[in-house]
Amino acid sequence: MKKIFVSVLCALALTACGGNRDAAQEMLDDYADIQIGSSFFEGISDNGREVLNYFKLASVAADDIYWKQNFGDKKQMTSLSNHAQKELAAVNYGPWNRIDGQSFVDGWGVRPLGANFYPADMTAEEFADWDEPLKNSPYTLVRRDSEGKLSAVWYHDEYKEEIGRIASYLTAAANYTIKPSVREYLLAKIAALQTDEYYESDKLWLSMDDSKMDLIIGPQETEDDRLNGVKTSYEAYVLLKDLELTASIDNFTSLIPELQASLPCDEAYKAFSPGSASSIYAYDAVYCAGSANAGVKKIAVNLPYDLRVQQEMGTRTALLNNVINAKYAKIILPAGRLLLAGEQTKYLDHLAFFWNTAMREVAHGIGVKETVNGRGTVLEALGDEALTMEELKGDALGLYLDLQLIASGQMDPLLTREDAITTYVVTLIRSSRFGEANALGSANIILYNYLKEQGGFSIDRNGHYAVDFDKAERAITDIASRVLTLQATGDRAAALKLVTDYGTTSESLSQSFAGLRQARIPMDVRFQFVW
């Protein structure tokens, strides 16, 4: 099972004492409130608004499922008398700080590695010895039957009531929409949620390219299952497409085969060929629920995860531009001004943050998906290290691709190599704050320590960073090659070695964290929905 490290940052350690009102408020202050809305509502007809309203209602039902998956009965948290704890529980979907797994409410102990996907008393040996093919399905819960034996329960059975609500709302939305592609997708999604078979609905979602509105709903991410890394969490995004920005980035879709061919690894590891229906869309997120609203908020997603669909059709990269803008203004820009040596602050760039994000998600959609030596998929081969390695691949390979496009003149001419790398280093430090127990945080800590070791940046006595652009680019290329190789070969030992060698928060990183906290620069955001 994955080793969960304990942060060395004193400030985080102080927040681990459950029941302390000041500690809960301090953790809550790490999240900046941002209003989530969109000017694109103005172009939506009354009929379209009805569809969006049903999307939102379906998302609320998905949120109820996620509470059960991550914690249990949410009333135990919504009834807390301590305001800061109650608000913090809403951010974390439970009584545990998702950064370090510690409880901020008395009596709850440490966050279970398996969330609420598995029995709390189940041992690793018991699970390993259990002869049940469905135990590793992304869409089953592990429960105990009346005799106390382990039993696999399908999501669509366990969450039948909530899925029924989702189905009724999506049926109403399908009846209201004037877009045949939307209607087909929604009806297929209803069937998928009721059977836990998502192949057809995933394909129809990728084919749905003529709507200003979008809905991502259902079980997707595996990051909450830190025990085995296989169980998926329910989430929902209600999105409005930025037509102008989407049109301006559409030409990058045609470059995906070229990007796959340019990967810095052995030719044998480039065999995966993403389908030709891949797309990159820019959206405003107007409502998020479940895993999409928990803890650290995503600024982009790349879906679907089904390898069959990826190979037949490709993936869709959804860039949440209003969230990207908010995080840059609230976190990245002030963090960069604090952390960078004076002459390098000029390279902080919103455009760089946008494209680093975009290429990171494109990187998730390409690269290595199956091992080349018969060990199955990367997920099957790497087990509970797979998610951290995938986050590592996305972050490292994303910058690599960005720099390749800049060098070849195919990127926005206003974006420079120095902008991309400098903004990336600041983002790296900021994302490392998510902690060693978080896959994204762990991946960024690994990258930070590796770049530092390779001379990608230096730190002066005042804690200011100076980036060496040549060394940073070489280091990124090297570690991207390493992670692609270990994914292709299913080398779990190599993955564990990366985590062991580079996955511990260093003293310099802890000092940077302390400086960011002292300057009251938030770790992340929490959404205040205006719709």
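Selection of the range 106-139 for residues being over 19 Å from Asp224 (Cβ atoms), touching a residue at least 12 places away in the same chain (Cβ under 8 Å) and not in a helix (DSSP H, G or I) yields Asp106, Gly107, Trp130, Glu132. When the range 67-83 is filtered for residues that are within 18 Å of Phe527 (Cβ to Cβ) and assigned to a helix (DSSP H, G or I), the ones remaining, listed by number, are Trp67, Asn70, Met77, Thr78. For the range 140-165, give me each residue that is assigned to a strand (DSSP E or B) and either at pLDDT below 95 or hydroxyl-bearing (Ser, Thr, Tyr) (or both). Thr140, Ser151 - these are the residues of the range 140-165 that are assigned to a strand (DSSP E or B) and either at pLDDT below 95 or hydroxyl-bearing (Ser, Thr, Tyr) (or both).
Total residues in the range 232-258 satisfying the condition of being surrounded by 17 or more Cβ atoms within 10 Å (Cβ to Cβ) and either without any contact (Cβ under 8 Å) to a residue 24 or more places away in the chain or not in a helix (DSSP H, G or I) (or both): the figure is 11.
Would you say Gly114 is more than 30 Å from Ser207 (Cα to Cα) and surrounded by fewer than 15 Cβ atoms within 10 Å (Cβ to Cβ)? So Gly114 does not fit the description; no.
Output yes when any residue across the range 506-517 is among the hydroxyl-bearing types (Ser, Thr, Tyr) and either closer than 30 Å to Glu87 by Cβ or at pLDDT below 95 (or both), and no when none is. Yes, the conditions are met somewhere in the range 506-517. In the range 495-514, which residues are within 26 Å of Leu340 (Cα to Cα), hydroxyl-bearing (Ser, Thr, Tyr) and surrounded by fewer than 19 Cβ atoms within 10 Å (Cβ to Cβ)? Thr504, Ser506, Ser508, Ser510 - these are the residues of the range 495-514 that are within 26 Å of Leu340 (Cα to Cα), hydroxyl-bearing (Ser, Thr, Tyr) and surrounded by fewer than 19 Cβ atoms within 10 Å (Cβ to Cβ).
So which of Arg526, Arg492 is in contact (Cβ under 8 Å) with a residue 24 or more places away in the chain, under 17 Å from Asp384 (Cα atoms), surrounded by 16 or more Cβ atoms within 10 Å (Cβ to Cβ) and charged (D, E, K, R)? Result: Arg492 is the single residue among Arg526, Arg492 that is in contact (Cβ under 8 Å) with a residue 24 or more places away in the chain, under 17 Å from Asp384 (Cα atoms), surrounded by 16 or more Cβ atoms within 10 Å (Cβ to Cβ) and charged (D, E, K, R). Give me a count of the residues in the range 249-291 that are under 30 Å from Phe41 (Cβ atoms) and either among the small types (Gly, Ala, Ser) or at pLDDT below 90 (or both). Going through the range 249-291 one residue at a time, the tally reaches 12.
Quick one: would you say Phe529 is farther than 30 Å from Glu267 by Cα and of a type in the set (Phe, Trp, Tyr)?
Values: farther than 30 Å from Glu267 by Cα: yes; of a type in the set (Phe, Trp, Tyr): yes.
When the stated conditions are applied, Phe529 passes them.
Consider the range 313-354 and keep the residues that are modelled with pLDDT of 95 or more, in a helix (DSSP H, G or I) and charged (D, E, K, R). The one that is surrounded by the fewest Cβ atoms within 10 Å (Cβ to Cβ) is Lys346. Condition check: buried (at least 16 other Cβ atoms within 10 Å of the Cβ) and in a helix (DSSP H, G or I). Does Asp64 satisfy that? Taking the combined requirement at face value, the residue satisfies it. When the range 477-489 is filtered for residues that are touching a Pro at 6+ places or on another chain (Cβ under 9 Å) and surrounded by 21 or more Cβ atoms within 10 Å (Cβ to Cβ), the ones remaining, listed by number, are Ala480, Leu484.
The set of residues in the range 90-105 that are part of a helix (DSSP H, G or I) and either of a type in the set (D, E, K, R) or under 14 Å from Lys68 (Cα atoms) (or both) comprises Ala90, Asn92. For the range 174-216, a residue qualifies if it is hydrophobic (A, V, I, L, M, F, W, C), outside any helix (DSSP H, G or I) and farther than 19 Å from Leu57 by Cα, and the qualifying residues are Ile178, Met208. Taking (1) within 25 Å of Glu258 (Cα to Cα); (2) polar (S, T, N, Q); (3) surrounded by fewer than 23 Cβ atoms within 10 Å (Cβ to Cβ) in turn, Thr357 satisfies each apart from (3). Under the condition of being closer than 24 Å to Asp524 by Cβ and out of contact with any strand residue (DSSP E or B) (no Cβ under 9 Å at 6 or more places or on another chain), the residues counted in the range 267-307 number 1. Residues that are crowded, with 21+ Cβ neighbours inside 10 Å and of a type in the set (Asp, Glu) are absent from the range 405-417. Evaluated against (1) outside any helix (DSSP H, G or I); (2) farther than 29 Å from Gly229 by Cα, Leu52 falls short on exactly one condition, (1).
Take Ala261 and tell me if it is without any contact (Cβ under 8 Å) to a residue 12 or more places away in the chain and among the hydrophobic types (A, V, I, L, M, F, W, C). Yes. The set of residues in the range 302-312 that are aliphatic (A, V, I, L, M) and either buried (at least 22 other Cβ atoms within 10 Å of the Cβ) or at pLDDT 95 or above (or both) comprises Leu303, Val309.
The values are calculated or read from the model by the stated rules, or taken from the named source; none is laboratory data. For clarity, every value in this text was computed on a predicted model and none was experimentally measured. Cβ atoms come from the backbone with ideal geometry, glycine included; neighbour counts cover every protein chain shown.
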